[in-house]
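The values are calculated or read from the model by the stated rules, or taken from the named source; none is laboratory data. Since the structure is predicted, the reported quantities are computational estimates derived from the model, not experimental observations. Note: ideal-geometry Cβ built from the backbone for every residue, glycine included; neighbour counts use all protein chains shown.
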Amino acid sequence: MQLDNATDLLADLKKKKKITIANEQLAALQLKRVLAFNLIPLLGFIVGIVYFYLGWVSTTDMMLLVSIYLLGTIGITVGYHRQLSHKAFQTYTPLRVIFVMLGCLAGQGPPIYWVANHRRHHEYSDRPGDPHSPNANATGQLSGFAGLWHAHIGWLFDGEITNSLVFAKDLIRDPIINYINRWYMVWLILSLMIPGIIEGALTRSWTGFISGCLWGGLIRFFFSLHSSYMINSINHYLGTHPFDSGDHSTNNIWLSLVTGGDAWHNNHHAFPNSAKLGLKWWQIDLGYWVIRSLELVGLAWNVKVPTPEMIEAKKVA
């Protein structure tokens, strides 16, 4: 039967696959978490601007900000994204746990939640059903600022929760990932506290503890969230589109520098199971460099990379 509009299409998708969970209490709890996880880091960022203006920022603050941000970025791109979401490579269980735990540091959500949203995004990319597209939502097509806002952060307030039983059943059945997922809030709180403990110990002061929590914790959390949000928005709106991926995904070199390579997004949508997202020598891809290093010393295997023939066949004519 021909569906009349995007709303009918999404309703049909939900009926067949139940891609979202309809639960008012769960949706209300999710909304509270979204507000807290976005407003508190924003307040921390504003306080950081004041600190910077007053000259209260130290070298230790910057080192904590950059180092923990980098660890979280590796956790997301290698652990959450290429390992859990796409099974782009295999590694030993201890390393697998380390990468997923590092992903928790980034504050982008529990691993099962993150993977379910990401797999759903791939299945319905830039069509009704995609949780965060600047080009479409549950009610139809989007464009301009409204689309960018929806893709960047607005989708989090829609009240829809992706059904993990549909998109991440394999991870729910995985006892190790399930354990990490269940205690996500503990890992997140520790990631906010540890920088404070480190700087407090180095300076032997409570002001050092507060400054460490601020820069290595909340401000780092703020940057981590919005670097991920920009992939959802900017990388489906602006940039180059060298491959026929069936959607509006783009590549962006500047975002790739701060996302560990994930902003080679058109490359990724063209070859979603590839561990290598930077397909040209100049395309910086920190995530793949980590995986390739592990492969060279025998700590990673079955590393998936598209062949030159596959790359040529996908190029936009």
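Please go through segment 259-317 and pick out each residue that is part of a helix (DSSP H, G or I), of a type in the set (Lys, Arg) and within 22 Å of the chain's Cα centre (by Cα). Before the answer, list the steps.
As a first pass, look at segment 259-317 and keep what is part of a helix (DSSP H, G or I): 265-270, 286-296, 308-314.
Pick out the ones that are also of a type in the set (Lys, Arg) and you get 292, 314.
If the condition is that a residue be part of a helix (DSSP H, G or I), of a type in the set (Lys, Arg) and within 22 Å of the chain's Cα centre (by Cα), then Arg292 is the only one that fits.
Six or more apart or on different chains, Cβ atoms under 8 Å: show the pairs whose first residue is in segment 213-224 and buried (at least 24 other Cβ atoms within 10 Å of the Cβ) and whose second is of a type in the set (Asp, Glu).
Leu214/Asp61; Trp215/Asp61; Gly216/Asp61; Gly216/Glu199
Let's see how each residue does on (1) within 19 Å of Tyr184 (Cβ to Cβ); (2) more than 16 Å from the chain's Cα centre (by Cα); (3) of a type in the set (Phe, Trp, Tyr):
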| site | (1), (2), (3) |
| --- | --- |
| Gly75 | yes, no, no |
| His86 | no, no, no |
| Val97 | yes, yes, no |
| Leu102 | yes, no, no |
| Gln108 | yes, no, no |
| Val115 | yes, no, no |
| His121 | no, no, no |
| Gly140 | no, yes, no |
| Ala146 | no, yes, no |
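Please work out which one of (1) of a type outside the set (Lys, Arg); (2) free of Cβ contacts under 8 Å to residues at least 40 places away in the same chain; (3) over 27 Å from Val258 (Cα atoms); (4) touching a Gly at 6+ places or on another chain (Cβ under 9 Å) is the condition Thr203 fails and give its number.
Status for Thr203: all satisfied but (2).
What number of residues in segment 28-44 are in contact with a helix residue (DSSP H, G or I) (Cβ under 9 Å, 6 or more places away or on another chain) and modelled with pLDDT of 90 or more?
Residues in segment 28-44 being in contact with a helix residue (DSSP H, G or I) (Cβ under 9 Å, 6 or more places away or on another chain) and modelled with pLDDT of 90 or more: 9 in total.
Just checking: which of the helices (runs of 4 or more DSSP H) contained wholly in segment 131-212 hold 2 or more residues that are crowded, with 20+ Cβ neighbours inside 10 Å? Before the answer, list the steps.
Numbers: elements: 144-152, 164-167, 169-172, 175-182, 184-203, 206-212.
Result: 144-152, 164-167, 175-182, 184-203, 206-212.
Name the residues in segment 288-306 that are more than 16 Å from Phe99 (Cβ to Cβ) and among the aliphatic types (A, V, I, L, M), would you?
Narrowing segment 288-306 to residues more than 16 Å from Phe99 (Cβ to Cβ): 296, 298, 304-306.
Within segment 288-306, Leu296, Val305 qualify.
Quick test of your reading of the structure: Gln25 fulfils all but one of (1) at pLDDT below 95; (2) part of a helix (DSSP H, G or I); (3) under 18 Å from the mean Cα position of the chain (by Cα); (4) farther than 18 Å from Pro131 by Cα. Name the failing condition by number.
Here Gln25 clears every test but (3).
Does segment 236-246 contain any residue that is more than 25 Å from Ile46 (Cα to Cα), of a type in the set (S, T, N, Q), out of contact with any Asp or Glu (no Cβ under 9 Å at 6 or more places or on another chain) and assigned to a loop (DSSP other than H, G, I, E, B)? I'd like the intermediate steps shown before the answer.
Filtering segment 236-246 down to residues more than 25 Å from Ile46 (Cα to Cα) leaves 236-246.
Narrowing further to those that are of a type in the set (S, T, N, Q): 240, 245.
Now drop any that are not out of contact with any Asp or Glu (no Cβ under 9 Å at 6 or more places or on another chain), which leaves 240, 245.
Filter once more, keeping what is assigned to a loop (DSSP other than H, G, I, E, B): 245.
Looking for residues that are more than 25 Å from Ile46 (Cα to Cα), of a type in the set (S, T, N, Q), out of contact with any Asp or Glu (no Cβ under 9 Å at 6 or more places or on another chain) and assigned to a loop (DSSP other than H, G, I, E, B), one finds at least one in segment 236-246, hence yes.
For residues in segment 43-59 being of a type in the set (Phe, Trp, Tyr) and touching a residue at least 40 places away in the same chain (Cβ under 8 Å), which is surrounded by the fewest Cβ atoms within 10 Å (Cβ to Cβ)?
Of all residues in segment 43-59, those of a type in the set (Phe, Trp, Tyr) come to 45, 51-53, 56.
Checking the rest, the ones that are also touching a residue at least 40 places away in the same chain (Cβ under 8 Å) come to 45, 51, 56.
Numbers: Phe45: 17, Tyr51: 17, Trp56: 13.
Of everything passing the filter in segment 43-59, Trp56 is surrounded by the fewest Cβ atoms within 10 Å (Cβ to Cβ).
Against the condition in contact with a Pro (Cβ under 7 Å, 6 or more places away or on another chain), modelled with pLDDT under 95 and under 30 Å from His269 (Cβ atoms), how does Leu9 come out, does it pass? Talk me through it step by step, then tell me what you get.
Details: in contact with a Pro (Cβ under 7 Å, 6 or more places away or on another chain): yes; modelled with pLDDT under 95: yes; under 30 Å from His269 (Cβ atoms): yes.
Yes: the conditions hold for Leu9.
For segment 17-41, name all the residues that are within 30 Å of Leu65 (Cα to Cα), free of Cβ contacts under 8 Å to residues at least 60 places away in the same chain and surrounded by 12 or more Cβ atoms within 10 Å (Cβ to Cβ). Talk me through it step by step, then tell me what you get.
Restricting attention to segment 17-41, the residues satisfying the condition of being within 30 Å of Leu65 (Cα to Cα) are 29-41.
Now drop any that are not free of Cβ contacts under 8 Å to residues at least 60 places away in the same chain, which leaves 29, 32-33, 35-36, 39.
If the condition is that a residue be within 30 Å of Leu65 (Cα to Cα), free of Cβ contacts under 8 Å to residues at least 60 places away in the same chain and surrounded by 12 or more Cβ atoms within 10 Å (Cβ to Cβ), then Leu29, Arg33, Leu35 are the ones that fit.
Only one residue in Arg96, Arg82 is of a type outside the set (S, T, N, Q), within 17 Å of Ser228 (Cα to Cα) and buried (at least 17 other Cβ atoms within 10 Å of the Cβ), so which one is that?
Details: Arg96 fails: within 17 Å of Ser228 (Cα to Cα).
Only one candidate qualifies: Arg82.
Tell me which of these Arg119 doesn't satisfy, since it passes every other one: (1) among the basic types (Lys, Arg); (2) modelled with pLDDT under 95; (3) in a helix (DSSP H, G or I).
Here Arg119 meets the rest and fails (2).
Any idea which residue in segment 281-298 is surrounded by the most Cβ atoms within 10 Å (Cβ to Cβ), counting only those that are farther than 13 Å from Arg82 by Cα and hydrophobic (A, V, I, L, M, F, W, C)? First the steps, then the outcome.
Quick first cut of segment 281-298, residues farther than 13 Å from Arg82 by Cα only: 281-284, 293-298.
So of that shortlist, the ones also hydrophobic (A, V, I, L, M, F, W, C) come out as 281-282, 284, 294, 296-297.
Working: Trp281: 6, Trp282: 6, Ile284: 16, Leu294: 19, Leu296: 9, Val297: 7.
Taking the candidates together, the pick is Leu294.
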